[in-house]
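A short worksheet on the structure shown next.
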Amino acid sequence: MASKSSSQGESKGQAAAAAAAAVPSLYGRVLPSPPAVEFASPEGRRLFSEALEAGTMQGFFSLISCFQTQSEPAFCGLATLSVVLNALRIDPGRRWKGPWRWFDESMLDCCEHLDKVRSHGITFGKVACLAHCAGADVRAFRAGQVTVDDLRRHLVRCVSSLDCHLIASYHRKLLGQTGTGHFSPIGGYHAGKDMALILDVARFKYPPHWVPLPLLWEAINTIDEATGLLRGFMLISRNTTAPSLIYAVNCRDESWKSVEKYCTEDLPNLLKDDNVENVLTLLSRLVKHLPPNAGNLIKWTIEVRRQEEVGSNFSKDADGRPILKEKVLQQIHDTKLFQLVHELQYAKQPCCSCTSSREKDPLSHIAASVCCQEAALLNENLSSRDGCVQVNGEGLKTVTTGKVESEGNEQGVDRLSPETCFCNSNLSNESVKYPSSTDILTVLLLSLHPNTWSGIEDKKLKDEFLSLVSADNLPDALKREIMHLRRRLRYLKACNGLEACEDPVP
C-alpha cells in the first residue's frame, strides 16, 4: 500500500498535470515581419547567400551543426550557451550520457540551481559566469558600456571567424515579438542590409530570422527587471591558454561559501589585531581560523585514460601534464610562503624519510573530488594497484591502474601522476599526498586578491606580508596557475549575485 506522503505527492502531481492540461496549447507563433525576415523565406535565403559570399557567415555552420531547441521555456540562456560551447569544440571534461562528453543544459548548473532557472530564467551575469566555468574565454558588455557601432564591429569580427560567437541578451517586445527577455546566438551578418541573423533557440516559437542590427541594438539596450541592469551581449571564444592544472570549485560548493565568509567577515577582524607582531604570527592566526573545509576549494586535475584507448602507454599529452604538474608543485614548495605554512602545520609532527612510498588517496575518492578527463568512469567499484614507470627520461611517475564497472561493462583505467615527495634544504624530507594540504593552503593564500590584505595596519608588517603573497616574482608556470585562480575566484564572487562578470571596456 502506498504511504500517505506518496499518495499526497501523487495527488499533487495529478493536480499539476490537470492544471497544465487546462492551459490552451500553442503551435508556434507567426513571426512579425517586418521587421524580421524569416531565414527559410526566399528573402531570407537570398540574404544568407549574399552574406555567405561576403564572408560574414563563417561561424554559422559550426553553430547549426550543434544547434538545439531549449528544453524548458526559461532555458534560453542555457540552451544558447550549450550550442556555442559545443560549436567551439570545448570539452566539458565530464560525461553527458553514456561515455560521451558533450555540453547540455542540464550540465550548466555551477552558478545557479536548474530549478531556479527553470522557474525564473537566468541573468546576463550568470550566463557569463557559466561560460567562464565551462572553460571559455568571455568578453561581456552591458549596453551602457558600448554603442551600436561597437556591437556591429564585434559582430563582424565574430561572424568572419571560426573561433568566436556572439550571444545577445535582448527584449523580444522591441522586435514586435511576444515574450520578454531572451538569449540567442547570432549566426551571421549581412553588411549591405545591416541585418543580423538570430538563431532563436526557442524554435517551438519562432524560426531563425534576420533583423535590422539597429533594432537588435534597441532590444539589447533595455533593462532587465530581475536585476535592474541593462542587458548586453557577450563574445564567447575558445580559451587558447593551456588547460589549468589547478582550479577552484563552483560557487555553489559549501567550501566556497565558507571561504567567502572567511574573507569578507573573519579576515578583516584578524588583520586588525594589535597583538600580531610578525608574519609568522599573522600566518598562524590566518591558518588557525580557516574554515575546516577551505582546502576543498582548490582542486588539482589528474590524468585518467581508458586502457583500451592507450594500451600500456600514455599519450604525449598525458605524459607531459604530470611532468608540468611536478614542476608547478616544486615551484610551490620553493616559495617562502610554503615553507612558513609548512613550518606551522608540521612543527609538532615527526619527520619521515623521503621514499617512494607516499600516502595514497583512494582513486575513487580522488575521482569524485576533482575535475579530470574520464573521471566519471571511476566509482566505488574500483580496485587499484600502483606501479612506477619511467616517462620521457624525466624520472619516476606513479601509474595507478585498476578496473571499474561502468554501465555493466568492466573497463581498465590508468592514472598517471608524478611523485610528490620533495627534498628542500629548508624543510624536512618527507612524503606527501598529491597535492598536500600545505600545497593547497599556499595556493589559496597566493590566489586571494592583494586587496584582501589591505586591513593590516602596521605598514612594515603589511609590506612584508604582501611580498610573501605577491604573484609578481613567481616562476611563469606557477604564476599562470595563480592568476587563473584569481580570475576564477573573482567570477565565483560574481556568481553570488553581484553581476560583475563582464569586462569594463569595449
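The values are calculated or read from the model by the stated rules, or taken from the named source; none is laboratory data. Since the structure is predicted, the reported quantities are computational estimates derived from the model, not experimental observations. Using ideal geometry, Cβ is built from the backbone for each residue, glycine included, and neighbour counts are taken over all protein chains shown. Heavy atoms of the whole protein, side chains included, go into the accessibility calculation; ligands, DNA and RNA do not. Shrake-Rupley method; radii C 1.70, N 1.55, O 1.52, S 1.80 Å.
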Among (1) β-branched (Val, Ile, Thr); (2) more than 24 Å from the chain's Cα centre (by Cα); (3) farther than 21 Å from Gly59 by Cα, Thr227 falls short only on (2)
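Only one of Leu215, Leu199 is over 22 Å from Gln68 (Cβ atoms), at pLDDT 95 or above and out of contact with any His (no Cβ under 7 Å at 6 or more places or on another chain). Can you tell me which? It would help to see each step written out before you state the result.
Values: Leu199 fails: over 22 Å from Gln68 (Cβ atoms).
That would be Leu215, the only listed residue that is over 22 Å from Gln68 (Cβ atoms), at pLDDT 95 or above and out of contact with any His (no Cβ under 7 Å at 6 or more places or on another chain).
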Output the residue which, of all residues in the range 433-490 that are assigned to a loop (DSSP other than H, G, I, E, B) and open to solvent by 50 Å² or more (accessible area, probe 1.4 Å), is nearest to Cys111 (Cα to Cα).
-> His449
How many residues, within the range 100-109, are part of a loop (DSSP other than H, G, I, E, B), open to solvent by 20 Å² or more (accessible area, probe 1.4 Å) and either touching a helix residue (DSSP H, G or I) at 6+ places or on another chain (Cβ under 8 Å) or under 24 Å from Ala202 (Cβ atoms) (or both)?
-> 3
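Could you tell me whether Gln8 is open to solvent by less than 20 Å² (accessible area, probe 1.4 Å) and at pLDDT below 95? Break it down into steps so the answer makes sense when it comes.
On the way: open to solvent by less than 20 Å² (accessible area, probe 1.4 Å): no; at pLDDT below 95: yes.
Here the answer is no, as Gln8 does not meet what is asked.
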Spot the failing condition for Ala191; the list is (1) out of contact with any Ser or Thr (no Cβ under 8 Å at 6 or more places or on another chain); (2) over 15 Å from Pro34 (Cβ atoms), and only one is missed.
-> (1)
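Might you check whether a residue that is under 25 Å from Val138 (Cα atoms) and either in contact with a strand residue (DSSP E or B) (Cβ under 7 Å, 6 or more places away or on another chain) or modelled with pLDDT under 85 (or both) occurs anywhere in the range 421-432?
No, the range 421-432 contains no residue that is under 25 Å from Val138 (Cα atoms) and either in contact with a strand residue (DSSP E or B) (Cβ under 7 Å, 6 or more places away or on another chain) or modelled with pLDDT under 85 (or both).
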Identity of the residue in the range 434-490, more than 22 Å from the chain's Cα centre (by Cα) and basic (Lys, Arg), that ends up farthest from Gln331 (Cα to Cα) = Lys459
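Test Ser49 against the stated conditions and say whether it is modelled with pLDDT of 95 or more, within 18 Å of His209 (Cβ to Cβ), among the polar types (S, T, N, Q) and exposed (fewer than 15 other Cβ atoms within 10 Å of the Cβ). Even if it seems obvious, please write down each step before you answer.
Values: modelled with pLDDT of 95 or more: yes; within 18 Å of His209 (Cβ to Cβ): yes; among the polar types (S, T, N, Q): yes; exposed (fewer than 15 other Cβ atoms within 10 Å of the Cβ): yes.
Yes.
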Restricting the range 313-353 to residues that are assigned to a helix (DSSP H, G or I) and at pLDDT below 50, the one most open to solvent (accessible area, probe 1.4 Å) turns out to be Lys316
Quickly run through the range 193-210 and pick out the residues that are surrounded by fewer than 24 Cβ atoms within 10 Å (Cβ to Cβ), more than 25 Å from Arg238 (Cβ to Cβ) and in contact with a helix residue (DSSP H, G or I) (Cβ under 8 Å, 6 or more places away or on another chain).
-> Lys193, Asp194, Ala202
Might you let me know whether the range 21-37 holds any residue that is at pLDDT 85 or above, under 21 Å from Cys164 (Cα atoms) and outside any loop (DSSP other than H, G, I, E, B)?
-> no
Sole exception among (1) over 19 Å from the mean Cα position of the chain (by Cα); (2) hydroxyl-bearing (Ser, Thr, Tyr); (3) at pLDDT below 95 for Ser106, by number | (1)
Residues in the range 53-91 that are without any contact (Cβ under 8 Å) to a residue 24 or more places away in the chain and either assigned to a helix (DSSP H, G or I) or among the polar types (S, T, N, Q) (or both): how many?
-> 4
